[in-house]
Amino acid sequence: MRIRVNQRTFLFIVFIVPFLATLLISYFVFDQIPHIQDSIAQVFQAKIFASGKLYAISHPLKEFFEYTHIINNGRWYSQYPPGHALFLMVGVLLGIPWIINPLLGAFSVIIIFLLGKEIYDQKTGRLAAIFTLLSPFFLFMSSEFMAHSSAMFTIAIFALFFVKAIKKKRLIYACLAGIALGLCTLIRPYTAFALCIPFLVYGIMLTVEEPKQYLSLFVTIAFFTLIFIAFLLIYNQITNGHPFTFGYTVLYGPGHGLGFGKGTWGTPHTFSRGLVNFWDSIKTLNLHLFGWPYISLLPVVILLISRKMRRWDYIFFLSFICLGIAYIFYWYHDLCFGPRFLYEALPFVIILSARAILVLPELVKEKLRIKKTSAKSIGLISAFIIAVLFLYSAVNTMPKLIIDDEPNFYWKDRGYANSYWGVDVYLSKLVKGKKLTNSIVFVQYDYPIFPFDSLFWFGSGFLNNSPGLNNDIIYARHKGTRDTLLMNYYPARQYYLYTGKLRAGRLIEIGKQAFNCP
């Protein structure tokens, strides 16, 4: 008996399932806190926006409150463009910032369904939506605070309304496409540029062929995109002092930018290293996309060699490739949550994967010249194999990502539930358990300082601070005898020193006498 699910019911299911799943991961795996320096900086900026300002004022003793990716030069704010922090601001105002990425993720699944349906058919949209909500890459990225989630959400909306504008020739869709692309530019401008290159080329081709039908559409998309770019330039002017100066340059200098010979940490970037980084990201995506044993990209490969590629298949694939190529020119590379620099292309890769699975039965019959076996039978076999692969992901890949603990890698390479990226909620819980009030907690972790990031270990404390430092508990970096400077600045507070590991440390009450000071 075949079970039919109407579209409204299906949309409810593919919204609520990933939303609840990512909420649970956010709550129980990530403890509702940001774990990555980038995320902590984004949440800090969201707090600044929630206070009604674009930047806070640095503390007179700013050395105690410096943190990675936070500019602290009299103005105190994040190095990042403002887009993602504006999304997080809503969560900050509601007191639940950890709910924002799960919401963005759940809505993204619906957008991916609508995009697949709009271009192809209902079946493609549904399969793409199901593949998305089963993707470990998607689930974990949508459970933390990273800006890639809002960038992926907005680029998916752009693609949906770009397609609608072309098909239905309506300016309202062009407006929405431009707004979505503009928002993505406010979040991750370089990523937005790379992803939209194939769309831009296709738009130019259509305009040249039929200017009367398409010129007004693409002028409208460009106009609304440029409005948001103007906002970004104004934000740069106010915060960084120049429209074309980004926070990265203010904090780390011109060596932080794009191109070979650049590099804030380590040796200068080279083309060969960029190629290695690109291949490393592809290999990791091959695992993290669906959690299958290094064959997650196989459906895309099958589609590429099937000779069944359509116009939008090429545009989506080229968009994905353009993003990968763009980051060959960027000096920094890591695999935090997987190949995160490719994450924004997820809707395109997953729709291509769904397309491949749906054309597979006919492709198998055609290539193997099978006449007696029906395409339906081949489809059932394919569905069974895919179900087994996702079962493998559920019982093997995802648990390892959550709890795997490699003792030789005590910070970023641990499982997500094990002090991931050197940040843990243990300190906050310890302070809360001691029922401290009106206090300063100096933080010193017993780990070696990284030469590329001397501020790394302060994250578990810094994430609790407000931009105005008006918390009941203020977390500060331990600076030895210089701690007395902060004590003198806050003479009415109590003082504590936290020292130890991420999940095992002591909270010691201290005073000026601890430093032999009068």
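Worth pointing out:
- The criterion of at least 1 residues that are within 14 Å of residue 15 (Cβ to Cβ) and either within 11 Å of the chain's Cα centre (by Cα) or in the same structural domain as residue 359 (by TED's automatic domain parsing) (or both) is met by the following helices (runs of 4 or more DSSP H) wholly inside segment 83-150: 100-119, 122-133, 136-141.
- Within segment 16-44, residues that are closer than 20 Å to residue 403 by Cα reach partners that are assigned to a helix (DSSP H, G or I) and aromatic (Phe, Trp, Tyr) with beta carbons closer than 6 Å, at six or more positions or on different chains, in the pairs 26/98; 32/98; 35/420; 35/421; 36/421.
- Filter pass, residue 512 being basic (Lys, Arg) and at pLDDT below 90: yes
- Long-range neighbours under 9 Å by Cβ, at least six apart or interchain, first residue polar (S, T, N, Q) within segment 439-459, second surrounded by 19 or more Cβ atoms within 10 Å (Cβ to Cβ) and part of a helix (DSSP H, G or I): 439/431; 444/457
- Considering the conditions (1) at pLDDT 95 or above; (2) over 21 Å from residue 315 (Cα atoms); (3) surrounded by fewer than 18 Cβ atoms within 10 Å (Cβ to Cβ); (4) in contact with a helix residue (DSSP H, G or I) (Cβ under 8 Å, 6 or more places away or on another chain), residue 197 is excluded by exactly one of them, (2).
Okay, residues lined up against (1) surrounded by 24 or more Cβ atoms within 10 Å (Cβ to Cβ); (2) touching a strand residue (DSSP E or B) at 6+ places or on another chain (Cβ under 8 Å):
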residue: 329; (1), (2): no, yes
residue: 351; (1), (2): yes, no
residue: 358; (1), (2): no, no
residue: 361; (1), (2): no, no
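- Verdict on residue 287 being at pLDDT below 95, part of a helix (DSSP H, G or I) and under 22 Å from the mean Cα position of the chain (by Cα): yes
The rows are residues; the columns are (1) farther than 17 Å from residue 176 by Cα; (2) at pLDDT 95 or above; (3) in contact with a helix residue (DSSP H, G or I) (Cβ under 6 Å, 6 or more places away or on another chain).
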position: 206; (1), (2), (3): yes, yes, yes
position: 211; (1), (2), (3): yes, no, no
position: 222; (1), (2), (3): no, yes, no
position: 229; (1), (2), (3): no, yes, yes
position: 236; (1), (2), (3): yes, yes, no
position: 246; (1), (2), (3): yes, yes, no
position: 253; (1), (2), (3): yes, no, no
position: 256; (1), (2), (3): yes, no, yes
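- Test: residue in segment 124-141 that is surrounded by fewer than 19 Cβ atoms within 10 Å (Cβ to Cβ) and either under 28 Å from residue 387 (Cβ atoms) or among the β-branched types (Val, Ile, Thr) (or both): no
- Some residue of segment 465-485 being farther than 29 Å from residue 89 by Cα, among the hydroxyl-bearing types (Ser, Thr, Tyr) and in contact (Cβ under 8 Å) with a residue 12 or more places away in the chain: yes
- Taking each residue of segment 56-76 that is without any contact (Cβ under 8 Å) to a residue 24 or more places away in the chain and looking for partners that are of a type in the set (Phe, Trp, Tyr) with beta-carbon atoms closer than 6 Å, six or more apart or interchain, yields 58/76.
- Condition check for residue 37: surrounded by 21 or more Cβ atoms within 10 Å (Cβ to Cβ), of a type outside the set (A, V, I, L, M, F, W, C) and farther than 30 Å from residue 313 by Cβ: yes
- The residue that is nearest to residue 285 (Cα to Cα), counting only those in segment 384-395 that are in contact (Cβ under 8 Å) with a residue 24 or more places away in the chain and not β-branched (Val, Ile, Thr), is 393.
- Hits in segment 194-211 - residues which are more than 17 Å from residue 173 (Cα to Cα) and in a helix (DSSP H, G or I): 194, 195, 197, 198, 201, 204, 205, 208, 209, 211
- A count restricted to segment 26-49 and to residues that are in a helix (DSSP H, G or I) and farther than 18 Å from residue 150 by Cα stands at 4.
- Whichever residue in segment 9-38 is within 16 Å of the chain's Cα centre (by Cα) and polar (S, T, N, Q) and, among such residues, is nearest to residue 425 (Cα to Cα): 32
- Residues that are of a type in the set (A, V, I, L, M) number at least 2 in the following strands (runs of 3 or more DSSP E) confined to segment 425-507: 439-445, 473-477.
The values are calculated or read from the model by the stated rules, or taken from the named source; none is laboratory data. Fair warning: this is a prediction, and the values are worked out from it, not measured in the lab. Positions of Cβ are backbone-derived with ideal geometry, glycine not excepted, and every protein chain shown enters the neighbour counts.
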